[in-house]
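Just below is one structure, and these are the notes that go with it.
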Amino acid sequence: RAADLAVTQVTLNNTALYPNQSADYAVTVTNNGPADADQVDVNLTFPAGLSYTNVTSSDDSIACTAGGQVVACVRNALANGATFTFTVNVSVAGSATGTKQVQAKIAHHSTDVVDGDASNDIRSSDAITVSPIADRSVTLSGPSTVVRGSTATFTATVSNVGPSAATNTSITFTL
């Protein structure tokens, strides 16, 4: 028997990723037939900085387990011509930087079914860059009035509560 299982979509629900936030990747798998598949295994590989939180599907037909940066998802039975979509929630580490791309791959299916077209077994999401978030603040302290001709000292305290590092930051005070 032959069942052409294909990963047809891996999409992110956001147009950007941000540190210390979560994101959802929707994964769609199709059985192009001609036979039914008794079991479909899909492995998702996440880059460093993204970690698996949970999975949801409209019919609770899939179960996933995480090991490192790979999440193995299993669905029992997928009929010829059928499609199923599941959503994987990930958390973005506070220290995450750079471009992130998730890959979904048909890993295994019924031993008595042969996948005649392996070229559509792997699909990657679009590459999305983690956009840093720096929460900067400045507090200025010093006397509220200054006598003409005297000296006054002002102190500027700059802080960043992140989660990302503040880069290319400058402060200008006009007196």
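The values are calculated or read from the model by the stated rules, or taken from the named source; none is laboratory data. Source: prediction; values computed, not measured. Virtual Cβ from ideal backbone geometry, glycine too; neighbours counted across all protein chains shown. Please note that ligands, DNA and RNA were not included when accessible areas were found on the heavy atoms of the full protein model with its side chains. Shrake-Rupley method; radii C 1.70, N 1.55, O 1.52, S 1.80 Å.
Points to keep in mind about this one:
- Distance between the modelled labels on ALA107 and PHE173, one decimal in nanometres: 5.8 nm (7 Å Cα→Cβ projection).
- Highest average packing first - 147-154, 49-56, Cβ atoms within 10 Å: 49-56, 147-154
- The relative contact order of the stretch 1-85, computed from alpha carbon pairs under 8 Å that lie at least 6 residues apart in sequence, is 34 percent.
- Listed values (1) 1, 8, 15, 19, 19, 16, 11, 6, 3, 1, 0; (2) 1, 5, 7, 10, 10, 11, 9, 7, 6, 6, 6, 5, 4, 4, 3, 2, 2, 1, 0; (3) 1, 8, 15, 15, 12, 9, 7, 6, 5, 4, 4, 3, 3, 2, 2, 1, 1, 0, 0, entry calculated as P(r) over Cα pairs in 5 Å bins from 0, in percent: (3)
- Normalising the average separation of contacting C-alpha pairs (under 8 angstrom, six or more residues apart) by the number of residues puts the relative contact order of the chain at 28 percent.
- Distance from the stretch 126-154 to the stretch 1-34 (C-alpha centre basis), Å: 44
- Heavy-atom accessible area ranking, 1.4 Å probe, most first, across ASP60, ASP115, ASP135: ASP60, ASP135, ASP115
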